[in-house]
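The values are calculated or read from the model by the stated rules, or taken from the named source; none is laboratory data. Predicted model only: the values in this text are computed from it and were never measured. Neighbour counts run over all protein chains shown; Cβ positions are idealised from the backbone, glycine included.
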């Protein structure tokens, strides 16, 4: 039994996706899953599903959606049950949050009690849960707000992953993975910083400088702004060539070897 919100909303049982009804019903389910095991007041459910344009009498419509969702939950396979309960503070979807990809993502990203190796693996596991636009296909202000918040969490997790990989000396992995993400978040300076830093570390300084130029133009055109201080500092680092390695001084042919340093004689 799995509930998936990081993409099109899905409920999977015994390896297959179940029919979860029309978009309004999917919104009701999503509104409860986002706050799993916490009560959601009826007024909040109405607002999440219909926004500023609810039906004339929304409660009977909401109750009908809840009834159909209860029937859906009864069809799920074994394991920890999932059920909707009516409580004084509102409706609660009582289900293990680990069965919901959004909550697993949050837990994995929040788990910082590890070294860089384990941290990189944990963040990669979280990022792999992402299947596409959160709540894809669902409209309304609340769904858009949820999407925006989870895009930011994904971006933060991707930057943390890239930084951990870089500290581990795996800049090549950053160069391979980050461009696709950067294409989705073209104004995300921390992600560009990670990519330019990795390009420079792998000996691709010309590409790093070109990338910085592209980012600078994009920020100017889209936001009317210059790159931030961190990105500008990195640009100067890439632009400055490393000092040449010191070469040992060759001895002059025929010259006497240098005299050994004087040794002190202990006083009697």
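Points to keep in mind about this one:
- Qualifying residue in the range 211-219 (condition: in contact with a helix residue (DSSP H, G or I) (Cβ under 7 Å, 6 or more places away or on another chain), farther than 25 Å from residue 118 by Cβ, surrounded by fewer than 21 Cβ atoms within 10 Å (Cβ to Cβ) and at pLDDT 95 or above): yes
- In this entry, residue 219 is excluded by the filter for residues that are touching a residue at least 24 places away in the same chain (Cβ under 8 Å), part of a helix (DSSP H, G or I) and within 23 Å of residue 167 (Cα to Cα).
- Residue match in the range 27-44 (condition: under 26 Å from the mean Cα position of the chain (by Cα) and on the phi > 0 side of the Ramachandran plot): yes
- Of the criteria (1) modelled with pLDDT of 95 or more; (2) in contact with a helix residue (DSSP H, G or I) (Cβ under 9 Å, 6 or more places away or on another chain); (3) farther than 29 Å from residue 121 by Cα, which one residue 241 fails: (1)
- Cβ-Cβ under 9 Å pairs, at least 6 apart or on other chains, the range 200-216 side more than 15 Å from residue 186 (Cα to Cα) and not assigned by TED's automatic domain parsing to the domain that holds residue 190, far side part of a helix (DSSP H, G or I) and at pLDDT below 95: none
- Among (1) farther than 20 Å from residue 97 by Cα; (2) part of a helix (DSSP H, G or I) - the single one residue 32 does not satisfy: (1)
- Any hit, the range 79-97, residues being loosely packed, with under 12 Cβ neighbours inside 10 Å and closer than 30 Å to residue 121 by Cα: yes
- Residue within the range 49-62 that is in a helix (DSSP H, G or I) and loosely packed, with under 14 Cβ neighbours inside 10 Å present: yes
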